[in-house]
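Here the structure is laid out as structure tokens; the discussion comes afterwards.
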Amino acid sequence: MTNLRIATAIFILFFCASVQGQEVEVIKVDVALVTVNVNVSDGKGHALSSLKAEDFQVTDEGQAVTLGFFESQGPASIVFVVDISSSMRGPKWRHLKEGMKEFLARAPEGNDYTLVTFSDSPQLIARSVRADELWRTFDGLRPLGHTALYDAMLLGLNTLDELPQRHKTLILFSDGEDNSSRVGLPAVQQEALTRRATIYTVGILPDDPDLSPYGPKGKQLLNELATTTGGLVHFPSSHEVGDVLKRINADVTNQYSLGYYPPDKTPGRRRRIQVNLAQDTHRLKLRYQQSYLIR
């Protein structure tokens, strides 16, 4: 019976393809497409959002590549990785909620949102939902436990592959260094290069200036995750979180997404990207992930 079903399925496929002599459109998706998110700003830091595909020149390991995908101010899949450990209680949590509520209320049409939270361990709370649904979920969260930051980042990065938009962004909120993860920093660093999403890191500082939740290692981590992926790092006090979210929202909205097929698809190799403007006056600043790993 199984063989009969298989034969029947094959027959139906060939019949549909040949009916009335019509050609069947085949859609091929190549997961090896490299997507690079690029921010362009002038000398005063103002975003330049009127560029076209032909304005960009991209090289991969020094070899010029042809863009197979270009999008300006298109929809994005945004992953929030949010610290809900005990230390986030009080003003930090209140200001973060206020900022998130406004961020989601201003959400562009077509965006989807994913939420990963972490305390003793990470949890995928919502996947690829609308802004209003994410807010309802977020509003019910309560901080408790330790800080499994590395584990949460790994979960958030792994989730990116399952999201619908080519333009992907991850935003991390935490108020301290990792103290509860099973994986280490190297695993997070490698995944960040592999997933090719812009990462924004927000290290929330205590209101008491005498307290310092981030040592040199913690600040280096947040800086590295952001800068190596073309994102931004912020260390705001709790009452500044809302303003930081506004800046991140504007930054994501004004990104260009460029896609191309790499000249070499050898797994495990780290490759260098360079993006230039065809007519750059040297007063424009480009920010993007400058290297990646092929899986």
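The values are calculated or read from the model by the stated rules, or taken from the named source; none is laboratory data. From a predicted model like this one, the values you see are computed outputs, not experimental measurements. Quick reminder, even Gly has a Cβ in these numbers, built from the backbone with ideal geometry, and neighbours come from all protein chains shown.
Numbers for the structure displayed
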item	result
From the options Leu205, Leu149, residue that is under 30 Å from Arg269 (Cβ atoms) and touching a residue at least 12 places away in the same chain (Cβ under 8 Å)	Leu149
Test for Gly74: is it over 17 Å from Ile171 (Cβ atoms), at pLDDT below 95 and surrounded by 15 or more Cβ atoms within 10 Å (Cβ to Cβ)	yes
Candidates Thr229, Thr266, filtered to the one that is assigned to a loop (DSSP other than H, G, I, E, B), under 13 Å from the mean Cα position of the chain (by Cα), closer than 29 Å to Val34 by Cα and among the hydroxyl-bearing types (Ser, Thr, Tyr)	Thr229
Where Leu185 falls short, out of the listed (1) crowded, with 21+ Cβ neighbours inside 10 Å; (2) modelled with pLDDT under 90; (3) hydrophobic (A, V, I, L, M, F, W, C)	(1)
Pairs, first farther than 20 Å from Ile273 by Cβ in the range 215-233, second crowded, with 19+ Cβ neighbours inside 10 Å and modelled with pLDDT of 85 or more, C-beta under 6 Å, six or more apart	Leu222/Thr201; Leu222/Gly203; Val233/Thr201; Val233/Leu222; Val233/Ala226
Options Phe138, Phe118; residue that is without any contact (Cβ under 8 Å) to a residue 60 or more places away in the chain, under 19 Å from Asn249 (Cβ atoms) and surrounded by 19 or more Cβ atoms within 10 Å (Cβ to Cβ)	Phe138
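So that you can scan it fast, the table gives a plain yes or no per residue for (1) of a type in the set (Asp, Glu); (2) under 21 Å from Thr198 (Cβ atoms):
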residue	(1), (2)
His95	no, no
Asn111	no, yes
Val116	no, yes
Val129	no, yes
Asp132	yes, no
Tyr150	no, yes
Leu155	no, yes
